[in-house]
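One structure below.
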Amino acid sequence: DLILADIAMPVMDGLTMLKKLREDEWGKYADVILLTNLDDTGKIAEAAEKGAFDYLVKKDWSMEELVKKAKKRMNL
């Protein structure tokens with residue numbers, strides 16, 4: 001129902017993953033939240049352009065807040 005991905009991942013970065021996901025028929029509509037330590041306006045803009053539901057900087061969000069945001073997005 002929801003994909004949480006980091007920008008910095010070992011095999012493929014989160015923005016590339018998001019781009020590839022959007023090329024897939026199912027992936028066009030998948031909800032994605034990018035969770036990262038990179039507070040970079042360029043990356044935030046790129047994530048929005050590629051259809052990320054949200055871009056969260058880890059230091060600004062507690063685990064409880066993240067869970068609430070995810071549940072809200074999934075209508076739980």
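The values are calculated or read from the model by the stated rules, or taken from the named source; none is laboratory data. If you're wondering where the values come from, they're calculated on a predicted model, not measured in any experiment. Cβ coordinates were reconstructed from backbone atoms using ideal geometry, including for glycine residues, and neighbour counts include every protein chain displayed. These area figures cover heavy atoms from the full protein model, side chains too; ligands, DNA and RNA do not enter into them. Shrake-Rupley method; radii C 1.70, N 1.55, O 1.52, S 1.80 Å.
Observations
- Residue list for region 20-41, restricted to those being open to solvent by less than 90 Å² (accessible area, probe 1.4 Å) and either part of a loop (DSSP other than H, G, I, E, B) or of a type in the set (S, T, N, Q) (or both): 24, 30, 36, 38, 40
- Search result, residues across region 42-68 that are open to solvent by less than 50 Å² (accessible area, probe 1.4 Å) and assigned to a helix (DSSP H, G or I): 42, 47, 66
- Matching residues, region 1-41, being under 12 Å from the mean Cα position of the chain (by Cα) and among the basic types (Lys, Arg): 19
- Subset of region 1-38 [under 18 Å from residue 65 (Cα atoms) and free of Cβ contacts under 8 Å to residues at least 40 places away in the same chain]: 3, 5, 6, 32, 34, 35, 36, 37
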